[in-house]
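Working notes, structure below.
The values are calculated or read from the model by the stated rules, or taken from the named source; none is laboratory data. This is a predicted model, so every value here is computed, not measured. All Cβ positions, glycine included, derive from the backbone under ideal geometry; neighbour counts span all protein chains shown.
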């Protein structure tokens, strides 16, 4: 208890080190309160709950991809999650290794219109950026792209009138589609969608990761119609060999090309996940996710913590007992660096939350406190790379 009290007091007094600040601020997500309002008992309770969750995960579920010894995984959990434990470490981190600042760009994207014209979306081009197929495309001051149908007659745009929006590594972007649905596009992701949806189907294509908030009722031709009188047109997200069909709901799809699995997680409503050109499909309920391992692999359904999905949308990395290689893959997409490994990483796991807008070096410092890994940042001569070394025991 004394350690927790000291940590909170140092944070509130403004004298906490960057490492200590990172530890305290990780509780913001859990308790939904400003860090200055946290109490030492919150840290101790998280200690108890965190260990229980980890033990259950390792002993009962034995995750589909990894299994790590409890001693290593628990140690990493403590380093990230429990300030009073981490502060016992007497090892000093080599500050020269973390001299570089690795920060994301955040809100930026590249929009490709149906005619092939490319528009860089940034904070500098607020207002209307294009108009096509009787739709105005504008960027708002808070950094989102909005499509507004300006003519509700039945004239349709030419076939193949699609837009594509891409987020470079280290960027994210929010889009309001012509039907009013919202898409939160993550780093290194691409979304292809029609300039105007048809009356029979609302279909888009995703590569990467996105969170969707889909409106249930839509009509591109009935001006001013009450929502109850509009057509309830299915919304379909195609990602790889998978299709997700919904009417009105909130869900996320993770479908990076270099990942082994496609995951679809449902927050609200219901979605049908199916493998294209097969009879494989599942109907998800809130709190469930579908795991698609490709052709020839059955669709699996697992329960997940919906607060994790909300946290991702709010700007946090969520690491649930993940292998260090999976963690570094996520960080590399977001912060834009290459990764090199030295040593065996199979039994190194980690659990915790980290704000995506922060400098990644604070997270690397925290993980080093486990005394099992060492990180070296190389950021010079157009080379941006992190070397992850397994320390000899």
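Some notes on this structure:
- Test: residue 320 is modelled with pLDDT under 85 and either surrounded by 20 or more Cβ atoms within 10 Å (Cβ to Cβ) or in a strand (DSSP E or B) (or both): yes
- Screening residue 165 on (1) within 19 Å of residue 129 (Cα to Cα); (2) modelled with pLDDT under 95; (3) surrounded by fewer than 21 Cβ atoms within 10 Å (Cβ to Cβ) shows it passes everything except condition (2).
- Residue that is in the same structural domain as residue 211 (by TED's automatic domain parsing) and at positive phi, where the choices are 315, 294: 294
- Comparison of 346, 358, 385 shows that the only residue that is assigned to a loop (DSSP other than H, G, I, E, B) and in contact with a strand residue (DSSP E or B) (Cβ under 9 Å, 6 or more places away or on another chain) is 346.
- The lone exception for residue 325 - which of (1) surrounded by 14 or more Cβ atoms within 10 Å (Cβ to Cβ); (2) closer than 25 Å to residue 201 by Cβ it fails: (2)
- Residue check for residue 375: over 21 Å from residue 260 (Cβ atoms), buried (at least 20 other Cβ atoms within 10 Å of the Cβ) and at pLDDT 90 or above: yes
- A residue that is in a strand (DSSP E or B), in contact with a strand residue (DSSP E or B) (Cβ under 9 Å, 6 or more places away or on another chain), at negative phi and not assigned by TED's automatic domain parsing to the domain that holds residue 169 occurs nowhere in the stretch 361-371.
- The residues on offer are 153, 142, and the sole one that is at pLDDT 60 or above, surrounded by fewer than 17 Cβ atoms within 10 Å (Cβ to Cβ) and in the same structural domain as residue 197 (by TED's automatic domain parsing) is 142.
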